[in-house]
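Please read the structure below before turning to the comments.
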Amino acid sequence: MKRLRSAPLALAAALGAIVVILFAAGAPPLEAMRVIFEGAFGTTDRLGATLMAWTPLVLAAAGLLITFQAGLWNIGVEGQIAMGAIGAAWMARSVEGPSLVVVPLTLIGGAVFGAAWALIPAWLRTRFRVHEIFSGVALSFVAAAIAVYLIIGPWSRTGVASTSGTDIFDPRAWLPTIGSWRASPVGIGAAVAAVAAVLVLLRGSRFGLRIRAVGRNAESAHLLGIPTQRYLVAAFAMCGALAGIAGTVQATGFHHKLVPSISGGYGFLGVLVVLLAGFRALWIAPIALFFAAIQVGSTQLSLRLGIDSSLAGVIQGALVLVVLIVGGFQVYSAARGPVVTGEGEA
Amino acid sequence: MSLVLRNIHKHYGSVRANDGVDLEIAPGELHGLLGENGAGKSTLMKVVSGFIAADSGSIEFDGAPLGVASPRVALEHGIGMLHQDPLVFRPFSVLDNFLLGSAGGVLVDRKGGRSSLAEMAARYGFDFDPDADARSLTVGERQQLEITRLLWRGARVLILDEPTTGISEPQRVKLFAVLRQLAAERLIVIFVSHKLEEVEALCHRVTVMSRGRVVGRRELPTPRHDLVRLMFGDITLGGARPEVTLGDPALSLRGVAARTRGAPLHADLTVRRGEVLGLAGLEGSGQRTFLRLCAGLDPVGSGTIVIGGHDLAGKPYRRFLDAGVHYIPAGRLEEGLIAGLSVAEHFELVGPNRSFMVDRGAADTLAAERIAEFSIKGEAATTAEALSGGNQQRLLMAMAPDHPVLLLMEHPTRGLDLGSAQWVWDRMLRSRAGGTAIVFASSDLEELQRYSDRIAVFYEGRIIAVIPASTATSSSLGLLIGGVVS
Amino acid sequence: MGRQGRWLKRFALLAAVSLVVAACGDDDGEAPEDFKFGMILVGPQNDQGWSQAHYEAGLYVVEQLGLPADAMIVLDKVNTADRPETSIESVVDEMVAGGAQMIFATSDDMKDGIEAAAAQHPDIPMIWSSGDSAWADGKGYRADLTNLGNIMGRMEYAKMIAGCAAALTSQTGKLAYLGPLINDETRRLVNSAFLGARYCWENYREQDPSTLGFEVKWIGFWFNIPGFTLDPTQVTNEFLASGADVVISGIDTTEAIVRVGQAFAADEAVWAIPYDFRGACAAAPAACLGVPYFNWGPSYVDAMQSVIDDEFEATWLWLGPDWDDINNPDTSAVGWVSGEGLSAEASASLDDFIAGLGSGDIELYRGPLNWQDGSVFLTDGEEATDFQIWYAEQLLEGIVGASAAE
Ligand SMILES: Nc1ncnc2c1ncn2[C@@H]1O[C@H](COP(=O)(O)OP(=O)(O)OP(=O)(O)O)[C@@H](O)[C@H]1O
Ligand SMILES: [Mg+2]
């Protein structure tokens, strides 16, 4: 109940923060909000652009929900997205054939690469007790470095060593689109399916119940005979696979090539989405839509109102802060729970 | 200066934890609060000390109503509470923990604090090293530090929720002396406990609660059976322990040494089916290591652990489970149950796993059956942490397989009311009749003597004696526990 | 089209502008009131470098053509790191939806996006600056994109001047070039700077050309993207530590001049030459030897005028300096302004060098010249064609640094 209330609360706080910032920047807040809204949903093309940002965000958030429920801070999701993109790019570059063959292969390649990359923090955690936050941050750097290496090295354009990206993939490897819409129904379908699957998995399945048990109290779960390490590894792998699909969507559905910043920060944003959603699958889609809309729509602030583009950055920064504060409060109040200890008073 | 509670209500969903409680305590009074598990004692005390807000009702102290529910405000009014759960200390020194939350500004007067601590400790006969790491303190010492701190902060009402679990006998004696001294200084002391003899020894008056309501008040002394009847109605306590014929060895340890550091445990021991082995000793003398070794939870250094005919030493925990070993630890919420998961989900976790999906309807039905069978005060959807201590223990018991080969328990009745404790033992003895071997650790000598066939006494990590319970007396056990081997 | 043709055009344009002004914004003037154009910048519009030069060119166009103040629709920082959710195609869509009748995509990096966008909006004239998609003889020719033209300045000349200024000033004889990414354009510019430096080292300083050190390090992109490129400040530090005393920047932003300026302020004898933007010396004037810069304004005015006149053609323009006054804001596509750091003596030699370039007396792309791997680029007396210069295959012999990705 508490969480259900706090998601809208956080959204309201975020909107409030945006208004304050716009006001401070001398931009007419209502007008600016209208511009952002229209920029995100005004035309079918813009809706497409928004969904294009929404897709990887939802995929990453859905994956993160699993690791969060398993009690893991899978910060390395950024690297898993990048690795997924690399796997997809590899497929797209090396397999020639009709879309019906190549596209599934890129999706599988992305999922496998993402999952494999996620197994590294899983292994470090279960074998050597290295906390996944540390390994995740490091592995994200490594994944980005691998992407950069491939882009300026083995996969560079002939005669060029630029981090601006590889050659464009063969269009048959692109995620298929309908008409002029940039967002691919395959990507959107994957995102929706991911949320549904995670929802069913965590809410209704025995597997999800055990994941939650491990996440909430690994010691007790172990005592109850649950092979906790196996579940941790499974959670990592699932999140990695979904992140890898997010990377695939970024590579073959959006950029149509591999670029260094392929993960687009959607992993970090995904963490915020999950925190804001109060770890509930159903809230992921709308909250991710909100973030995607802000991100896509705020481009219009520069285009239409001539507002310094850094304002969009400030808005997003403020959003992050608001989310963290509200999210932190939520985590805090959840942690306080009904058990009161002697230190509570101080 | 008296404390007056009027018509306190506190409901959790459909549970009426406090359902119109009135209570009046005069200064200088040592007041006992009794009641079965889940009666609402802790809830009431948390309301008084500001940790939770009542749904309705009023609290007056010294003629003034207490407003906002917050521990800080309550303490400013002179009401301090020592909680039932073990005290958690921050990784600071004793002095810093003492100074935590002290009044006045940002700057902490450490020098003044140091002398206050020394002065207060001297006054109540405690002995602290202000610079020691507070986490190194024993439960009893933590309690002493917290009491000192509350008194220093000006507490005139001191609430102690089951303060005698987990502390040593000398510490208990010391505690009682201090509480009597405080009462003599015209403070109010509220003492929550399940141990009738403690209440009888200490308190002037008692209030008995049941199902959120006050069901009786008595001046002490009053006959024991009177109190018991108030709490539980008519029950027979200490029913006879049925005799059973012992079967094959269920557990047999040969030259077992623990690999955990600082645990020089060595054990050669056989427990047969139908036998009850009690583990005695001061807290932390190796009983826990022993139980965890037998459960397959701690690594074995050397030796063999034969259970059901197979040597399981060094085998994974799963093998122990499959061999019919079941372990119920003391820290119910820390290492037994999973806070946040409901009762039904707990059963689902240990149930036979057939389908991929959980059948909610079936799970709720199963939970309802178990709840009824084990008389758990709660519902299928109640989360584990919302159960009272006694009901958490019942849930743990309900999750155990029906007839394990070997049942290992740590403090099976700690924090349980008499009725619940009785019930727990009834269940265990029934399993035993079915051939289960039981090994349990307890700090309650009477419990050890009453239910064990043999008692293994632990001292500084080693088993120093294994004696038949029938020959053990409280005094002989007491000596052994202290390390005195005749 | 010759230089003269453009002159005539410019004259006509000026006349038209004055007419418009005289007519107090009369509607049927040459510049329609509602004409809008889109300007896509790869970096921040105030980067004191490449992107700012384009941005100011846009302002110049607005002023010269008398367009309303909001005629330019700008979006800056259009790159995958700063705007992960944005693609060139969608930016073009938005600009067109916002009324833009012409689009400028101002980075080499935008190749794929602007080519796709040009195909999607065949009616909207577009300029891809620094590209080669409209060069019929070029390697990247896209005959199908008749609405996509290219404009580039002959920066080689200004880079030669920069190299010369560096050689005239250096005390250690070690010059450093802070390179962005490796491609034809950047190799071309490094080579040009090197040729200018070697010429002046030999002819004005009267030193053996083989004693001149010239090293290039590439950061990986046009500007610093933490985590994805090398840090240009760090690279500059490495240059200084290795004994180089002039750092020539080839990246879009000002890290080199800023860092060198700090060292200079700490009394080190080191100098820098920033790039791209006329005002770039401002970051550390005393340490600045000068700046080779682009002046996109005039060519953009021409391009836009042709759109207004409905005469736009997708051409590839590679525009040189106006040798009469390489710093004439209305005529010269590239320029060089000397900085405070350049001594009077060096300044005199530099002027002589510039005059020699202008008159054609000094022709640096003439053989014998070898590629870095020792193979022959130009035989003795052979002059390089535009094609050979534009598609610089390698760095030249004598330059230390990577010619291609390792
Ligand atoms: N946070 C909570 N949420 C829901 N129910 C709760 C919560 N806290 C307590 N309860 C319920 O309120 C009732 C009273 O609990 P309380 O802890 O006050 O009992 P108690 O008398 O202290 O029992 P014990 O002797 O076991 O400590 C119990 O049924 C318990 O399940
Ligand atoms: Mg209690």
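Accessible area buried by the pairing of A and C, both sides summed with a 1.4 Å probe, works out to roughly 2700 Å². To the nearest ten degrees, helix B:418-433 and the longest principal axis of the Cα atoms of chain B are 0 degrees apart.
When the GluC sites (Glu not before Pro) in region C:28-88 are filtered for DSSP coil states and for at most 13 other beta-carbon atoms within 10 Å of their beta-carbon, the remaining sites are C:E33.
How long are the semi-axes of the equivalent ellipsoid of the protein assembly as shown, taking √(5λ) for every eigenvalue λ of the Cα gyration tensor, in whole Å from largest down?
Details: eigenvalues 1220, 206, 186 Å².
The equivalent ellipsoid of the protein assembly as shown has semi-axes of 78, 32, 30 Å.
Calculated accessible area for chain A comes out at 38 Å² per residue, all protein chains present (probe 1.4 Å; ligands, DNA, RNA ignored).
Between chain B and chain A, roughly 3300 Å² of accessible surface gets buried, counting both sides and using a 1.4 Å probe. Helix content alone sets the calculated 222 nm mean residue ellipticity of chain A: runs of n ≥ 4 DSSP H residues at -39500 (n - 2.57) each, divided across all residues, give -24000 deg cm²/dmol.
Positive-end ranking of A:G136, A:V160, A:S99 along the dipole of region A:55-278, with charges on Cβ about the Cα centre, is headed by A:G136.
Taking the Cβ of A:V296 as the center, what net charge do the other residues with Cβ under 9 Å away carry, scoring Lys and Arg +1 and Asp and Glu -1? Result for the local shell: 0. For the pair region A:141-179 / region B:141-165, the C-alpha centres are spaced 66 Å from each other. Restricting region A:3-109 to GluC sites (Glu not before Pro) that sit in a DSSP loop and have at most 10 other Cβ atoms within 10 Å of their own Cβ leaves nothing.
For chain C, modelled as a GNM whose springs connect Cα atoms under 10 angstrom apart, the maximal fluctuation among C:S87, C:S192, C:S359 occurs at C:S359.
Other protein chain C-beta atoms within 10 Å of residue C-beta, averaged over A:158-171: 6.
Would region B:339-400 count as rounded, prolate or oblate if I go by the C-alpha gyration tensor, calling it rounded below 1.5 in a/c and otherwise prolate when a/b exceeds b/c, oblate otherwise? In terms of gyration-tensor shape, prolate. Hull volume per residue, based on the alpha-carbon atoms of chain B and their convex hull, is 165 Å³. Put a plus charge on the Cβ of each Lys and Arg, a minus charge on the Cβ of each Asp and Glu, and nothing anywhere else: the dipole of region B:339-400 about its Cα centre is then about 100 debye.
Largest GNM mean-square fluctuation among C:G113, C:G163, C:G360, using chain C with Cα springs under 10 Å: C:G360.
Computed from Cα positions, the angle between helix B:389-399 and the longest principal axis of chain B comes to roughly 20 degrees. Projecting the Cα atoms of A:V19, A:T67, A:A147 onto the dipole axis of chain A, where Lys and Arg carry +1 and Asp and Glu carry -1 at the beta carbon, places A:T67 farthest toward the positive end.
Suppose every Lys and Arg Cβ carries +1 and every Asp and Glu Cβ carries -1, with no other charges. What dipole size does the protein assembly as shown come out with about its Cα centre, to the nearest 20 debye? Please report the intermediate quantities before stating the final value.
Numbers: 95 positive and 130 negative charges, 1624 e Å.
Charge dipole, the protein assembly as shown, about its Cα centre: 7800 debye, nearest 20.
The fraction of Cα-Cα pairs per 20 angstrom bin, counted from 0 for chain C, comes to 28, 57, 15, 0 percent, rounded to whole percents. Against the main long axis of the alpha-carbon atoms of chain B, helix B:139-152 sits at an angle near 10°.
Rolling a 1.4 angstrom probe over the protein assembly as shown with all protein chains present gives an accessible area of which 56% lies on carbon and sulfur atoms.
Leaving out ligands and nucleic acids, note down the accessible area per residue over region B:3-232 with a 1.4 angstrom probe, in whole Å². Kindly include the intermediate steps, with their values, before the conclusion.
On the way: 9650 Å² over 230 residues.
For region B:3-232, the solvent-accessible area averages 42 Å² per residue.
Using only the Cα atoms, what convex hull volume per residue in Å³ does region B:3-232 have? Mind showing how you got there, number by number?
Working: hull volume 28.8 nm³, N = 230.
Dividing the Cα hull volume of region B:3-232 by its residue count gives 125 Å³.
Peptide B:437-450 shows a mean partner chain C-beta count of 0 within 10 Å per residue C-beta. Gain on full extension, evaluated as 0.36 nm per residue between B:S355 and B:D22 minus their Cα-Cα distance, stands at 114.8 nm. Burial of accessible area (probe 1.4 Å, heavy atoms of protein chains only) in region B:355-372, relative to its chain alone, reaches at least 40 Å² for B:F356, B:M357, B:V358. Our note on the geometry: Cα centres of region A:51-93 and region A:105-131, 11 Å apart. For the protein assembly as shown, the residue among A:G84, B:Q171, A:V192 whose Cα projects farthest onto the positive side of the dipole built from Cβ charges is B:Q171. The local environment of B:D311, defined by Cβ-Cβ distances under 12 Å, has a net charge of +3 under the rule Lys, Arg +1 and Asp, Glu -1. A Cβ-based charge dipole, computed about the Cα centre of region C:229-355 with Lys and Arg at +1 and Asp and Glu at -1, lands at about 480 debye.
From the alpha carbon centroid of region C:191-244 to that of region C:319-379 is 17 Å. Among the trypsin sites (Lys or Arg not before Pro) found in region B:142-180, not one is both in a DSSP coil and sparsely packed, with 16 or fewer other Cβ atoms within 10 Å of its Cβ. In this label model, B:A53 and C:A286 are separated by 6.5 nm, measuring between points 7 Å along each Cα→Cβ vector. Taking N as the residue count of region A:55-278, its C-alpha radius of gyration divided by 2.2 N^0.38 Å amounts to 1.01.
Rounded, prolate or oblate: which fits region B:338-477 when a ≥ b ≥ c are the square roots of the eigenvalues of the alpha-carbon gyration tensor, with rounded for a/c under 1.5 and prolate only if a/b beats b/c? Kindly include the intermediate steps, with their values, before the conclusion.
On the way: a/c = 2.50, a/b = 2.13, b/c = 1.17.
Prolate is the answer for region B:338-477, as a/c is 1.5 or above and a/b outweighs b/c.
Only helices at least 20 Å long along their own axis, judged from Cα atoms, and with Kyte-Doolittle mean hydropathy of 0.5 or greater: name those in chain A from DSSP H. It would help to have the intermediate numbers written out before the result.
Details: long enough: A:2-24 (32 Å, 1.57); A:44-69 (36 Å, 1.06); A:77-94 (25 Å, 0.64); A:99-128 (43 Å, 1.40); A:132-152 (29 Å, 2.19); A:185-199 (21 Å, 2.23); A:228-248 (30 Å, 1.07); A:281-297 (24 Å, 1.97); A:310-336 (38 Å, 1.61).
The qualifying helices are A:2-24, A:44-69, A:77-94, A:99-128, A:132-152, A:185-199, A:228-248, A:281-297, A:310-336.
Less than 13 Å Cβ to Cβ from C:N327, Lys/Arg counted +1 and Asp/Glu -1: what total charge do the surrounding residues give? Here the charged neighbours net out to -4.
The values are calculated or read from the model by the stated rules, or taken from the named source; none is laboratory data. Being a predicted model, the structure only gives us computed values, none of them experimental. Using ideal geometry, Cβ is built from the backbone for each residue, glycine included, and neighbour counts are taken over all protein chains shown. Areas reflect the complete protein model, heavy atoms only, side chains present, ligands, DNA and RNA absent. Shrake-Rupley method; radii C 1.70, N 1.55, O 1.52, S 1.80 Å.
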